[in-house]
1. Provide the per-residue ³J(HN,Hα) series for the range 116-126, in order, calculated from phi with Karplus coefficients 6.51, -1.76, 1.60 and θ = phi - 60°, each as a whole number of Hz, with x at glycine and proline positions.
2. Output wanted: per-residue J couplings in Hz (rounded whole) for the range 497-510, from phi through Karplus 6.51 cos²θ - 1.76 cosθ + 1.60, θ = phi - 60°, x for Gly and Pro.
3. Using alpha-carbon pairs under 8 Å, 6+ residues apart, how would you state the relative contact order of the range 425-536 in percent?
4. Over the range 257-344, calculate the relative contact order: mean separation of alpha carbon pairs under 8 Å at least 6 apart, over the residue count, as a percent.
5. If you roll a 1.4 angstrom probe over the protein chains with everything in place, what fraction of the accessible area of the range 623-666 belongs to carbon and sulfur, to the nearest %?
6. Compare the Cα positions of Ala325, Ser378, Thr312 along the charge dipole of the range 278-423 (+1 at Cβ of Lys, Arg; -1 at Cβ of Asp, Glu; about the Cα centre) and return the one farthest towards the positive end.
7. Compute, for the chain, the length of the dipole vector about the Cα centre, with Cβ point charges of +1 (Lys, Arg) and -1 (Asp, Glu) only. Units Debye, rounded to 20.
8. For the chain, with the dipole built from +1 on Lys and Arg beta-carbon atoms and -1 on Asp and Glu ones, taken about the Cα centre, which of Met826, Ala100, Leu69 lies farthest toward the positive end?
Amino acid sequence: MEAKGLSNMLKTNLESGIHGDEDDLIKRRNAFGANTYPRKKGRSFLRFLWEAWQDLTLIILIVAAVASLVLGIKTEGLEEGWYDGASIAFAVILVIVVTAVSDYRQSLQFQNLNEEKQNIQLEVMRGGRTLKISIFDIVVGDVVPLRIGDQVPADGIFITGHSLAIDESSMTGESKIVHKDHKAPFLMSGCKVADGIGTMLVTGVGINTEWGLLMASISEDTGEETPLQVRLNGVATFIGIVGLSVAISVLAVLLGRYFTGNTKNSNGETQFVKGHTKFSEAVDGVIKIITIAVTIVVVAVPEGLPLAVTLTLAYSMRQMMADKALVRRLSACETMGSATTICSDKTGTLTLNQMTVVEAYVGRKKMNPPDDSSQLHSEVNSLLCEGVAQNSTGNVFVPKDGGDVEVSGSPTEKAILSWAVKLGMEFDVIRSQSKVLQVFPFNSEKKRGGVAVQRTDSKVHIHWKGAAEILLASCTRYIDSNGVLQPIDEDKDFFKAAINDMAASSLRCVAIAYRSYELDKVPANEENLDKWVLPEDELVLLAIVGIKDPCRSGVEDAVRVCTQAGVKVRMVTGDNLHTAKAIALECGILGSHADATEPNIIEGRVFREYSEKERESVAQKITVMGRSSPSDKLLLVQALRKGGEVVAVTGDGTNDAPALHEADIGLSMGIQGTEVAKESSDIIILDDNFASVVKVVRWGRSVYANIQKFIQFQLTVNVAALVINVVAAVSSGDVPLNAVQLLWVNLIMDTLGALALATEPPTDHLMHRSPVGRREPLITNIMWRNLLIQALYQVGVLLVLNFRGKSILNLNDESREHATDVKNTMIFNTFVLCQIFNEFNARKPDEINVFSGITKNRLFMGIIGFTFILQIILIEFAGKFMSTVRLNWELWLASVVIALVSWPLAAIGKLAPVPETPLTVYLGKPFRRWRTGQHA
């Protein structure tokens, strides 16, 4: 036997594993390597810089900066003429660096999340004890138990197992399931266990495995674009096209004005006189006009929209990790905000998954306490202990120093093993006294698992364990507490009533049964034995146990929050209807006993038998589905989605994978979930808690809400600046806001504004709304109302300053050039301050009090303060670069007052109703066209 020879060479015991002390592990790592592989490095920061400058707008600006530099030096000399060109160049470099830093940081964060995702926790046998360790800590020589849904953690060979089937598609590319036994013993790292159980001996780890070589040669692609990013890219493209069209129109008008002699300089002289103006001066004039057109393009293109989504998603993912949710697929963050229903597992999600046997019936006798072996006949106790010990994938470890017994396995296995230990079961002794012939691993379709064992006296016993009422139907006799066989027909109603009573007390009911079998009927050769189907009829009932799995604290509140938020919670469980109903009432999923009628509460087999159309109508009413198989769960998800629901599904088993994959958002369990379930899911709930699922819904809504806040804020800036510059350019041939100033506005509004609004934490207010419709426009009527009120106010005030500013600000006595500079500086300063105060309004698009919760977001307050201080520094100390002059305190005060007026104006505006007006319908159309991203 290959495993035996290898284990001797590797100094491993095939049953108890390696010693596992620190020295042993170090020696093995030094000799054979660690179970890690060198990661292919992600893109460097220089690569991000290179990609950031290749934006069309920035290329236009770089050309404009060079032209402005040449023009300035030519007209004003080297000493003064380099300011404008250098300012544009500096602003462009700043935009490139900020974009590159943001993208680079997000890339690093994705790398960290991927490492977290690959850090699988699994069980190994070391020193006879089952330990849970990281996949990275596996060493050569380890003995690893394998169950359905596990990932093979390293290369190795088969030791023992039954019906072990491996999905090797991740390595071979063929979706063929390969059966493993002593004839085909080799197991490859990275493959998944499709069926059966077994143990393996690790022979190769890390880079010495095929999987390690493969993973070292590829790098995880983190450039995934989410639907919202695609939609916003589409919106940005659309606005960019509008801006470019406006800029070309303005360019045509300004060139027409210039060459017809209607454009005057700051001294009031005509700039172009046919036959008198030199060619070089005309070229200078044309370049200045082109710079104005470029300025309009700069202000029109909202580069910050995709950046805002990136920042929001990166921030949300980091915070969701703190809230025990690991995002595997970015788009799930957004989709979760639209979820209208959550199909949740019961065990471990709504309940604690800390199971204990609290009731037990042996024969017609209810044991009190349930683990008192003195109430049992020795023959019954012996059969029970044999059945529990052999028909289990768990393990019992008794320390030699006499410490507490350690029980491992799934929660149900642990509960039953612990109960049997208290009855006096000697796990290792029983296992050594009988030989396992065949195993039928627990199957969630049949809801049972079985084992055939040959005892030392050559008798064959077939032990079954599974759902009580299903196993009870296969029993023809039972053993009473005195060890006497009794026919079950007359007592079936008693057992059914006992099961119903336990289920009504929210206990999970498990039956333990067995039957004798003739040795000569057992297939003799190994090949036929592997194909032998264990008989399931004429069983003898040994015991029915009731397992308590208490509800998680906080689940009732979480369910209530979901209901208030318009998200219906449905329980889909393999337990019987009585248990499911009791837990659903306890959790608040069912409001009262009156609600517990069909089809609100239904069995999986009943739902399965409906036609497709009937399932669609019934699915909407289902609140609890009991005795459901994984295929029933999948049918429910499909029916709900066809009915227009956005479905989130929680699951932990391998058989849940199709439902997790089919759902809009698949949520797998991080503790009890199999690797197959995790691979099929979008988000992993690290603590298996339903309350964490609700937090994910909050974050999903927060992502969408924060993006909408930023869109409202960004478009207000763009609309106001565009209108001001276009009107001023067409009417006077000059613009009050130049390219450098608008680049600064774009920089602080795009980057700092996005950072401030994208990092708003979710509020309770979000969970008092209905889910965001799947096809709802990005820009709502409320946003249009707020945007138009703010933009109209800003445009009105700044145009008045532009055309009447000199007389209003008492600048008529100043020189024409100085008066123009003061007026334009005042316009620029007021415009920036209006945007700072508009950030407060954007925080709460549909609430009058925009200051609620402001102190909780220190980052927002810090960014507002930083922007304000930076603006003061620019006006007071960077005049040459920004083409501004210093303002006295009266003008500063006037700018602040004008900006402050926007607050009460916004509050008054929010009192107005928002009808579907022709204007909002018309304005909303282009954005509705991008709602699914197909035009992006």
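1. The phi angles translate into 4, 5, 7, 7, 6, 9, 9, 9, 9, 9, 9 Hz.
2. Using θ = phi - 60°, the values come out as 5, 4, 5, 5, 4, 5, 5, 5, 8, 6, 9, 7, 9, 10 Hz.
3. Rounded, it is 27 percent for the range 425-536.
4. Numbers: 31 pairs, mean separation 10.5, N = 88.
For the range 257-344, the relative contact order is 12 percent.
5. After summing per-atom areas, the C and S share lands at 46 percent.
6. The Cα lying farthest towards the positive end belongs to Thr312.
7. Values: 92 positive and 103 negative charges, 457 e Å.
Around 2200 debye, computed over the chain.
8. Of Met826, Ala100, Leu69, it is Met826.
The values are calculated or read from the model by the stated rules, or taken from the named source; none is laboratory data. If you're wondering where the values come from, they're calculated on a predicted model, not measured in any experiment. Cβ atoms come from the backbone with ideal geometry, glycine included; neighbour counts cover every protein chain shown. All accessible areas refer to the heavy atoms of the entire protein, side chains included, with ligands and DNA or RNA removed. Shrake-Rupley method; radii C 1.70, N 1.55, O 1.52, S 1.80 Å.
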